[in-house]
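The structure appears below as structure tokens.
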Amino acid sequence: MFIAVGLQIAIVTVLALAAGLLADWNSARYLALGGAAAIVPNGLFALRLALHRGRSPESYPVVFFLGEFLKIGMTIGLFGLIIRYGEEIRWLAMLIGFIAALKVTLFALAFRNVDRFDRWAGVKNEGARMAGWPAGRKASNN
């Protein structure tokens with residue numbers, strides 16, 4: 001999850017620098033603020049999920065859905081602050097930053113933690129790893 005947040009920070013930074021160099025720095029500022037409206041809640045949500053590791057599995061859905069609810073509320077609140085205190089808001093730049101920060105998480109799937117040694121060795125244990133079974137055990141077809 002932290003990889004996704006890091007990718008969000010990277011893409012919003014690159015886009016903000018490009019907007020600053022190609023357009024103007026006010027657009028870059030609002031692009032960064034729009035990205036921050038997505039990055040800050042996602043970062044806090046990732047931290048909360050990381051802190052919850054090792055606890056009872058029954059509590060995961062509650063933590064996840066409450067975290068998602070708070071993340072949406074925080075995003076709306078951050079947009080409210082940007083709109084309230086912003087001057088000459090560049091809506092297009094702000095929405096581009098927000099959408100880019102949300103969509104870059106799709107690329108985080110390419111960097112997910114897989115068994116790299118198994119992939120290198122040509123062993124296909126992904127199903128057993130996902131099911132929590134030892135690598136030698138096979139699933140029954142019953």
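The values are calculated or read from the model by the stated rules, or taken from the named source; none is laboratory data. Fair warning: this is a prediction, and the values are worked out from it, not measured in the lab. Note that we place each Cβ from the backbone using ideal geometry, even for glycine, and neighbour counts take in every protein chain shown. To get the accessible areas, we keep the full protein, side chains included, count just its heavy atoms, and leave off ligands, DNA and RNA. Shrake-Rupley method; radii C 1.70, N 1.55, O 1.52, S 1.80 Å.
Brief remarks on what is shown
- Among the residues of segment 1-31, those that are under 16 Å from the mean Cα position of the chain (by Cα) and surrounded by fewer than 22 Cβ atoms within 10 Å (Cβ to Cβ) comprise M1, F2, I3, A4, G6, L7, I9, A10, I11, T13.
- Matching option when the condition is within 25 Å of S27 (Cα to Cα), at pLDDT 85 or above and under 24 Å from the mean Cα position of the chain (by Cα), among L51, L81, L70: L81
- Per-region count, segment 32-59, residues open to solvent by 30 Å² or more (accessible area, probe 1.4 Å) and under 18 Å from V104 (Cβ atoms): 5
- Filtered by the rule that a residue be modelled with pLDDT of 70 or more, of a type outside the set (A, V, I, L, M, F, W, C) and either over 16 Å from G35 (Cα atoms) or open to solvent by 80 Å² or more (accessible area, probe 1.4 Å) (or both), segment 91-121 gives a lone residue, K103.
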